[in-house]
1. With the requirement that a residue be part of a loop (DSSP other than H, G, I, E, B) and in contact with a Phe, Trp or Tyr (Cβ under 7 Å, 6 or more places away or on another chain), what does the range 135-186 give you?
2. So which helices (runs of 4 or more DSSP H) are wholly in the range 1-118 and hold at least 3 residues that are in contact with a Pro (Cβ under 9 Å, 6 or more places away or on another chain) and more than 30 Å from LYS154 (Cα to Cα)?
3. When the range 32-46 is examined, which residues are found to be of a type in the set (Gly, Ala, Ser) and buried (at least 17 other Cβ atoms within 10 Å of the Cβ)?
4. Since ALA107 meets every condition but one in (1) surrounded by fewer than 15 Cβ atoms within 10 Å (Cβ to Cβ); (2) modelled with pLDDT under 90; (3) small (Gly, Ala, Ser), which condition does it not meet?
5. Residues in the range 14-22: is at least one charged (D, E, K, R), surrounded by 13 or more Cβ atoms within 10 Å (Cβ to Cβ), modelled with pLDDT under 90 and touching a strand residue (DSSP E or B) at 6+ places or on another chain (Cβ under 8 Å)?
6. How many residues, within the range 46-68, are under 14 Å from VAL25 (Cβ atoms) and acidic (Asp, Glu)?
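The values are calculated or read from the model by the stated rules, or taken from the named source; none is laboratory data. Values in this document were obtained by computation on a predicted structure and should not be read as measured data. Positions of Cβ are generated from backbone atoms using ideal geometry, with glycine treated the same way; all protein chains shown enter the neighbour counts.
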Amino acid sequence: MDHNNSFPGWHGTTIVGIKKNGKVVIAGDGQVSIGQTVIKGTARKVRRISPGGHDVICGFAGSTADAFTLLERLETKLEATPGQLAKASVELAKDWRMDKYLRNLEAMLIVSDGVDLFVITGAGDVLEPEHDIAAIGSGGNFALAAARALMDTKDDAEEIARKAIKIAAEICVYTNGNMTVETISK
């Protein structure tokens with residue numbers, strides 16, 4: 001049985017991360033869907049964590065409980081390696097891939113400390129996206145295309161992220177326009 005197809009709505013969200021002119025923005029929509037039903041329209045899928053006094057912004061797509069488990073693990077990794085997002089991300093990805101319990105988690109993360117921007121997956125990947133744009137979730141490809149088209153404009157990272165989510169929400173039925181936006185710079 002293909003677990004991804006048996007889990008209703010696991011792809012339903014849009015998260016985009018934009019890095020431009022020394023600023024990183026992660027934005028996400030607010031829709032939570034189970035199958036064809038919208039359960040909530042104002043969820044916060046983008047958060048700021050501050051382990052050891054070092055701010056990191058995170059956005060997640062997938063199961064909320066699974067994403068929170070991963071965010072807690074990331075916080076623990078960051079507390080063990082303060083200010084080293086790349087190292088903490090790789091350690092989380094290794095655990096995620098190797099641990100029997102974690103391996104079954106259905107989520108993806110976009111994380112940034114204002115310098116680095118990464119996508120962390122359950123396949124053990126820590127990806128630094130091309131063109132300083134990361135996007136995940138069911139509307140991720142729409143947001144990615146919109147953001148790529150806007151990167152050469154005068155718009156700053158936040159304006160690009162907001163426009164990309166808005167465009168994705170107009171196309172993807174699992175994405176709405178109720179955004180949560182977090183900004184970080186170094």
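1. Residues of the range 135-186 that are part of a loop (DSSP other than H, G, I, E, B), as a first pass: 137-139, 151-156, 172-179, 186.
Answer for the range 135-186, where residues must be part of a loop (DSSP other than H, G, I, E, B) and in contact with a Phe, Trp or Tyr (Cβ under 7 Å, 6 or more places away or on another chain): SER138, GLY139, CYS172.
2. Details: elements: 3-6, 64-80, 85-98, 100-103.
Of the helices (runs of 4 or more DSSP H) lying wholly inside the range 1-118, those with at least 3 residues that are in contact with a Pro (Cβ under 9 Å, 6 or more places away or on another chain) and more than 30 Å from LYS154 (Cα to Cα) span 64-80.
3. Quick first cut of the range 32-46, residues of a type in the set (Gly, Ala, Ser) only: 33, 35, 41, 43.
Those that are of a type in the set (Gly, Ala, Ser) and buried (at least 17 other Cβ atoms within 10 Å of the Cβ): SER33, ALA43.
4. The one condition ALA107 does not meet is (1).
5. Step one: filter the range 14-22 for residues charged (D, E, K, R), giving 19-20.
Those still in the list that are surrounded by 13 or more Cβ atoms within 10 Å (Cβ to Cβ) too: 19-20.
Add one more test, that the residue is modelled with pLDDT under 90, and what stays is none.
For the range 14-22, residues charged (D, E, K, R), surrounded by 13 or more Cβ atoms within 10 Å (Cβ to Cβ), modelled with pLDDT under 90 and touching a strand residue (DSSP E or B) at 6+ places or on another chain (Cβ under 8 Å): absent.
6. Applying the first criterion (under 14 Å from VAL25 (Cβ atoms)) to the range 46-68 yields 46-48, 55-59.
Filter once more, so that each one left must be acidic (Asp, Glu): 55.
The qualifying residues number 1.
Residue-wise test of (1) over 22 Å from CYS58 (Cβ atoms); (2) crowded, with 20+ Cβ neighbours inside 10 Å; (3) of a type in the set (Gly, Ala, Ser); (4) touching a strand residue (DSSP E or B) at 6+ places or on another chain (Cβ under 8 Å).
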residue	(1), (2), (3), (4)
ASP152	yes, no, no, no
ASP156	no, no, no, yes
ILE160	no, yes, no, yes
ALA169	no, yes, yes, no
CYS172	no, yes, no, no
ASN178	no, no, no, no
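Residues checked against (1) within 15 Å of VAL46 (Cβ to Cβ); (2) touching a Cys at 6+ places or on another chain (Cβ under 9 Å); (3) free of Cβ contacts under 8 Å to residues at least 60 places away in the same chain:
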residue: VAL115; (1), (2), (3): no, no, no
residue: ALA123; (1), (2), (3): no, no, yes
residue: GLU128; (1), (2), (3): no, no, yes
residue: SER138; (1), (2), (3): no, yes, no
residue: ALA146; (1), (2), (3): no, no, yes
residue: LEU150; (1), (2), (3): no, no, yes
residue: GLU159; (1), (2), (3): no, no, yes
